[in-house]
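Shown next, in structure tokens, is the structure this report addresses.
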Amino acid sequence: MSKEVAIAGVGMHPWGKWGRNFVEYGVKAARDALKDAGLEWKDVDFVVGGDTMRNGYPGYVAGSTFAEALGFKGTQIASVYGACATGAQAIDAARARILAGLAEVVLVVGADAAPKGFFAPQKGDRPEDRDWQRFRLVGMTNPNYFGLYARRRMALYGATSEDFAAVKVKNARHGLHNPYARYRKEVTAEEIAASPLVADPLRLLDICATSDGGAAVILTSIEFAEKRGLKVPRIAAINAATPTYPNPILDMPYIATDSWAVVQPDARGFKPSIAYGAYEEAGIGPEDLDLAEVYDLSTALELDWYEQIGLCGEGEAEAFLRSGATTFGGKIPVNPSGGLACFGEAVPAQAIAQVCELAWQIRGVAEGRQVEGAKVGLSINQGLFGHGSAIIVKG
Amino acid sequence: MFYFTAVSKKVIPAIEGFFTMDPEAPRLLGTQCKACQTYFFPPERGYCRNPECDSEELETVELSHEGTLWSYSHNGYKPPPPYVSPTEEFEPFAVAAVELEREKMVVMGMVPKPYTHEDLKVGQRMQLVLDPLYETDEERVMVWKWRPVEGGGSK
């Protein structure tokens with residue numbers, strides 16, 4: 001039995017700082033996705049909502065919040081939260097129900113209205129909470145973790161601030177014509193170098209902003225898509241997994257790693273394992289990819305991903321970037337959408353937005369940013385509290 | 001150290017059970033599984049997290065007070081609460097991730113003044129110190145921090 005599901009339609013609300021209710025962004029994306037699929041709300045028999053933690057209770061029950069806004073009709077629902085990986089876990093829940101024969105047409109939708117500045121933990125005095133510990137005891141913001149990885153790259157591989165800036169310059173160019181991107185403007189290396197140092201060695205323009213936005217996909221069984229004559233991309237693999245114990249790399253929001261004094265860490269490492277789990281399921285390798293959407297929370301993290309998803313060897317990412325391999329016309333364009341550099345992060349919508357981009361690219365309709373001959377794409381992100389996800393989409 | 005002079009303030013740890021309050025030779029407090037011997041910091045109290053180990057017996061142990069700088073960063077802007085700035089006007093500070101050789105783990109900590117991120121280099125030796133996190137009218141709240149070992153690095 002095929003483990004694939006069809007991406008019948010995709011839709012997004014443009015990213016930005018619109019200052020409106022997150023529900024509005026999600027509903028717009030959902031309606032666009034339905035229209036894109038040639039389906040109607042009444043055809044949907046399961047809704048998975050990606051939760052937002054920053055918009056009160058409606059955000060915690062996103063499945064029913066979006067269902068209410070689209071019009072209650074007794075639909076089965078689920079609400080999913082997995083930080084940055086929320087969208088991928090939501091898509092995975094949808095896929096499971098379709099493959100189990102419990103649903104035929106599923107709407108997956110996530111949206112956020114994000115506050116300005118650093119993402120802050122939930123209020124309250126909770127010394128047992130890892131998230132409380134890192135802010136109170138060490139003052140660790142999210143960009144501090146990105147800073148640690150960036151400094152590590154510099155020490156191990158001789159990466160420079162100029163290398164990091166080159167990622168931003170590339171992604172800013174990629175996103176220029178993306179109608180859903182928040183920032184559609186070229187950025188120069190000089191502008192990046194002149195922006196304030198936020199989390200050494202990373203400057204303001206190295207770090208992704210927080211945004212409002214919404215994204216949705218309509219997933220169906222392959223049989224349903226074929227019956228309707230839909231020639232659409234398929235989800236070939238989803239890997240939404242935790243690290244294995246012990247994880248020797250300091251992940252957000254921990255203030256210490258596991259100890260590897262007794263048990264040997266997995267040789268592959270956690271972040272590579274996210275991609276390789278998906279490759280294994282799809283029966284392909286990195287050499288089969290035509291494009292990738294990777295989670296560039298910082299410029300330096302995009303370089304880490306090149307190695308972690310197997311595009312180049314360890315320590316080779318800077319040269320790989322400089323060779324032009326990851327831009328249009330190169331071996332494998334990375335973040336043709338413009339990535340988080342051009343979007344800023346709308347947490348529960350972001351992993352869904354990555355899949356929207358893969359679907360557009362594979363359908364050949366990514367105007368102004370089309371990767372020639374795109375047939376296979378991978379999206380990947382890391383969550384919080386130890387998990388991450390990768391999705392492979394095939395034409 | 002200045003906190004001995006202001007005797008009127010009560011000196012308390014920022015969190016219970018994570019470190020000792022010895023001002024000269026503070027120690028991080030972790031736990032070690034009595035069955036599989038693995039270490040945990042923050043101290044794990046209930047169950048061993050090694051998936052191959054069923055033990056519920058964890059004992060408190062002092063961790064190494066020196067290690068190697070794995071990486072570092074700094075905060076140019078004030079982090080959100082529950083971070084508490086020790087000064088009215090926020091002053092940037094560095095953070096350090098230090099690898100402990102014996103326990104084979106990396107532990108974060110702030111870097112005390114007057115050291116900044118510009119004083120740090122991956123691979124150098126770091127040592128544990130006790131330093132104020134912030135103060136209230138009645139209390140001086142202490143936390144562990146990582147300071148470069150003088151003359152003990154690759155600097």
How high is the FRET efficiency from A:Phe328 to A:Trp41, r the C-beta distance, R0 35 Å, rounded to 0.05? 0.45
Can you give the local net charge around A:Leu384? Use residues other than it whose beta-carbon is closer than 10 angstrom to its beta-carbon, Lys and Arg +1, Asp and Glu -1. -1
What whole-number value in Å² describes the accessible area per residue of the range B:81-155 for a 1.4 Å probe? 44 Å²
In the range A:254-296, what residues drop by 20 Å² or more of accessible area when the other protein chains are put back, versus the chain on its own? Use 1.4 Å, and skip ligands and nucleic acids. A:Ile255, A:Ala256, A:Thr257, A:Asp258, A:Ser259, A:Trp260, A:Ala261, A:Val262, A:Val263
Within chain A, what whole-number % of the accessible surface is contributed by carbon and sulfur, with the 1.4 Å probe and all protein chains included in the calculation? 51 percent
Mind checking how much accessible area A and B bury in total, 1.4 Å probe, in Å² rounded to 100? 3700 Å²
Shielding of A:145-151 by partner chains, average beta-carbon count, 10 Å: 6
How far is the Cα center of the range B:85-155 from the Cα center of the range A:303-354, in Å? 34 Å
Projected area averaged over orientations for the range B:65-148, convex hull of C-alpha atoms, nm²: 5.8 nm²
Between B:Met21 and B:Glu66, what is the FRET efficiency for a Förster distance of 25 Å, r being their Cβ-Cβ separation, to the nearest 0.05? 0.85
Per residue of the range A:367-382, what does 6.51 cos²θ - 1.76 cosθ + 1.60 with θ = phi - 60° give for ³J(HN,Hα)? Whole Hz please, x for Gly and Pro, Karplus curve as stated. 4, x, 8, 6, 7, 4, x, 5, 10, 9, x, 10, 10, 8, 8, 10
Accessible area per residue for the range A:4-88 in Å², computed with a 1.4 Å probe and the full protein assembly in place, what is it? 39 Å²
How many percent of all Cα-Cα pairs in the range A:278-317 sit more than 17 Å apart? 32 percent
Can you give the net charge of the other residues whose Cβ lies under 15 Å from the Cβ of A:Arg130, counting K and R as +1 and D and E as -1? -2
May I ask which of A:Lys227/A:Lys375; A:Lys116/A:Lys231; A:Lys28/A:Lys331; A:Lys17/A:Lys123; A:Lys123/A:Lys168 have a Cα-Cα span longer than 31 Å here? A:Lys116/A:Lys231; A:Lys28/A:Lys331; A:Lys123/A:Lys168
Given the -39500 (n - 2.57) contribution per DSSP H run of 4+ residues, what per-residue ellipticity at 222 nm results for chain A, rounded to the nearest 500 deg cm²/dmol? -10500 deg cm²/dmol
Could you list the square roots of 5 times each eigenvalue of the Cα gyration tensor of the range A:167-319, that is, the equivalent ellipsoid semi-axes, sorted largest first and rounded to whole Å? 29, 27, 15
Return the single residue from B:Ala35, B:Ala97, B:Ala14 with maximal mean-square fluctuation; model: Gaussian network over chain B, springs between Cα atoms under 10 Å. B:Ala35
In nanometres, the difference between 0.36 nm per residue of separation and the alpha-carbon distance of A:Leu176 and A:Glu372 is 68.8 nm
Rounded to whole Å and sorted largest first, what semi-axes of the equivalent ellipsoid does the C-alpha gyration tensor of chain B yield via the square root of 5 times each eigenvalue? 28, 20, 15
Please list the equivalent ellipsoid semi-axes of the protein assembly as shown, computed as the square roots of five times the alpha-carbon gyration tensor eigenvalues, in descending order and whole angstrom. 42, 25, 23
Computed from every Cα-Cα pair in the range B:5-83, P(r) in 5 Å bins starting at 0 and rounded to whole percents is 3, 12, 16, 14, 17, 18, 11, 6, 3, 1, 0
Between A:Leu99 and B:Cys36, Cβ-based FRET efficiency (R0 45 Å, step 0.05) works out to 0.75
How much net charge surrounds B:Ser71 when only the other residues with a Cβ under 10 Å from the Cβ of B:Ser71 are counted, with Lys and Arg +1 and Asp and Glu -1? +2
So for the protein assembly as shown: antiparallel DSSP bridges make up what percent, rounded to the nearest 5? 75 percent
Return the sequence-ordered ³J(HN,Hα) values of the range A:6-12 in whole Hz as given by the Karplus equation 6.51 cos²θ - 1.76 cosθ + 1.60 applied to θ = phi - 60°, using x for Gly and Pro. 9, 8, 6, x, 9, x, 9
DSSP-defined beta bridges in the range B:65-148 - what % are antiparallel, rounded to 5: 95 percent
Give the distance, in whole Å, between the Cα centre of the range A:190-228 and the Cα centre of the range B:23-51. 38 Å
For the range A:1-153, take the convex hull of the Cα atoms, compute a quarter of its surface area, and give me that in nm², please. 12.1 nm²
Using alpha-carbon positions, what is the distance between the centroids of the range A:37-101 and the range A:131-164, in Å? 34 Å
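The values are calculated or read from the model by the stated rules, or taken from the named source; none is laboratory data. Here the structure is a predicted model, which is why all the values come from computation and not from measurement. Cβ sites come from the backbone with ideal geometry, for glycine too, and all protein chains shown count toward neighbours. Please note that ligands, DNA and RNA were not included when accessible areas were found on the heavy atoms of the full protein model with its side chains. Shrake-Rupley method; radii C 1.70, N 1.55, O 1.52, S 1.80 Å.
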